[in-house]
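Have a look at the structure below before the remarks.
The values are calculated or read from the model by the stated rules, or taken from the named source; none is laboratory data. On a predicted model such as this, the values are computed, not experimentally measured, just so you know. Glycine gets a Cβ as well: all are built from the backbone with ideal geometry, and neighbour counts include every protein chain shown. SASA here: full protein model, heavy atoms, side chains in, ligands and nucleic acids out. Shrake-Rupley method; radii C 1.70, N 1.55, O 1.52, S 1.80 Å.
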Amino acid sequence: QVQLVESGGGLVQPGGSLRLSCAASGSIFSIYAMGWYRQALGKQRELVARITSGGNTNYVDSVKGRFTISRDNAKNTVYLQMNSLKPEDTAVYYCNAVHGSSWSWGQGTQVTVSS
């Protein structure tokens, strides 16, 4: 089993920045990819960014050039640096880990971009 704990959400003005953190514990040796998803009100959950154990990353087109996913292996933590935030980035952000044939999810953290 893998447990994920997110932090770093909040309220920010358009154009501002936030950094989300996701700390993994448990069977972390089995994780081969971690990512951030988001779900806005009335919309489906979508992949925002993902990083594999080999360091490969991919992003949804709407955040390319603004968001950066990274990881600190010593801390078993994945980060999502979000810059130039827009109101349409408002959503609950969920951390995700893929391990074996299983997926684990964090509890979610709210990001609100509003003036």
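Placing pseudo-labels 7 Å out from each Cα toward the beta carbon at Arg66 and Thr52 gives an inter-label distance of 2.7 nm.
Panel values: the chain, Kirkwood radius from alpha carbon pairs, Stokes-Einstein at 37 °C and 0.692 mPa s, translational diffusion coefficient 234 µm²/s. Computed with every protein chain present, the accessible area of Ser102 is close to 50 Å² [probe 1.4 Å].
Computed about the Cα centre, the dipole magnitude for the chain is approximately 80 debye when only Lys and Arg (+1) and Asp and Glu (-1) carry charge, each at its Cβ. With a 1.4 Å probe rolled over the protein heavy atoms of all chains, the accessible area of Leu47, Leu4 falls in the order Leu47, Leu4, largest first.
Here is the list for region 20-115: trypsin sites (Lys or Arg not before Pro) lying in DSSP coil, each with at most 13 other C-beta atoms within 10 angstrom of its C-beta, are Lys43, Lys64. If you wrap the tightest convex hull around every Cα atom of region 29-82 and split its volume per residue, you get 93 Å³. Given +1 at the Cβ of Lys and Arg, -1 at the Cβ of Asp and Glu and no other charges, the dipole of region 17-74 around its Cα centre is 160 debye to the nearest 20. If you take every DSSP beta bridge fully contained in region 12-115, what fraction is antiparallel? Give it as a percent rounded to 5. Percent antiparallel among DSSP bridges in region 12-115 is about 95. When the alpha carbon gyration tensor of region 1-44 is reduced to an equivalent ellipsoid, its three semi-axes come out at 26, 14, 9 angstrom, largest first. Between Val5 and Ser114, the contour length at 0.36 nm per residue exceeds the Cα-Cα span by 36.7 nm.
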